1. Give me the pairs, please: first residue somewhere in the stretch 84-112 and on the phi > 0 side of the Ramachandran plot, second residue anywhere and assigned to a loop (DSSP other than H, G, I, E, B), beta-carbon distance under 7 Å, and either six or more positions apart or on two chains.
2. Which residue is surrounded by the most Cβ atoms within 10 Å (Cβ to Cβ), if the candidates are limited to the stretch 47-82 and must be of a type in the set (Gly, Ala, Ser) and modelled with pLDDT of 90 or more?
3. Check Val25, Val44 and return the single one that is closer than 20 Å to Gly127 by Cα, surrounded by 13 or more Cβ atoms within 10 Å (Cβ to Cβ), in contact with a strand residue (DSSP E or B) (Cβ under 7 Å, 6 or more places away or on another chain) and not basic (Lys, Arg).
4. Which ones in the stretch 88-114 are part of a loop (DSSP other than H, G, I, E, B) and within 26 Å of Glu48 (Cβ to Cβ)?
5. Being out of contact with any Phe, Trp or Tyr (no Cβ under 9 Å at 6 or more places or on another chain) and either modelled with pLDDT of 90 or more or part of a loop (DSSP other than H, G, I, E, B) (or both) is true for just one of Val85, Val44. Which residue is that?
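The values are calculated or read from the model by the stated rules, or taken from the named source; none is laboratory data. Remember, it's a predicted structure, so these values are computed and weren't measured experimentally. Neighbour counts are summed over all protein chains in view; Cβ atoms, including those assigned to glycine, are modelled from backbone coordinates with ideal geometry.
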Amino acid sequence: MDLTIASSFLPHSDPEASLAFYRDVLGFEVRGDVGYGDMRWITVGSPEQPGTSIVLHPPMAYPGLTEDEQRTIAEMMAKGTYAIVVLATPDLEKTFDQLQAAGADVVQEPTDQPYGIRDAAVRDPAGNLVRINHVPTDRTPSDRVG
């Protein structure tokens, strides 16, 4: 098989706040912005990875969710336990300083993990956990995450 990752989905609770975070703070480009009624799907991605995107979506857009399921999703989002994205950067300290200066909700300052990765973590406006791995510039893109 010859597969690549095209997109991944993260829920948002406020499309404007999520757009400001992913576009203005992280520097991702907006690739799509589609509304339907009072719901909105925003596709963003790194300019350096044109074939890979994150779709920020309304979490309650799935038909058939019960009120209990909707409440559970909202609670998990608020705790940062519903969705996670892992990003990579060659300069973790600089990236972390920029996120902190922009007012990101810091979960973990840059730390050397026992499993061999140096990383940091913040939450996006919806509560999604955004982990950022330090990846030296001499590693190949496939080595950068994980």
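1. Note: no pairs meet the criteria.
2. By that ranking, first place goes to Ser53.
3. Testing whether each residue is closer than 20 Å to Gly127 by Cα, surrounded by 13 or more Cβ atoms within 10 Å (Cβ to Cβ), in contact with a strand residue (DSSP E or B) (Cβ under 7 Å, 6 or more places away or on another chain) and not basic (Lys, Arg) leaves just Val44.
4. Pro90, Asp91, Ala102, Gly103, Ala104, Gln113
5. From the options Val85, Val44, the qualifying one is Val85.
Residues checked against (1) without any contact (Cβ under 8 Å) to a residue 12 or more places away in the chain; (2) not in a loop (DSSP other than H, G, I, E, B); (3) not aromatic (Phe, Trp, Tyr):
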| residue | (1), (2), (3) |
| --- | --- |
| Ile5 | no, no, yes |
| Glu16 | yes, yes, yes |
| Arg23 | no, yes, yes |
| Pro50 | yes, no, yes |
| Val55 | no, yes, yes |
| Met60 | no, no, yes |
| Pro63 | yes, no, yes |
| Glu75 | yes, yes, yes |
| Ala78 | no, yes, yes |
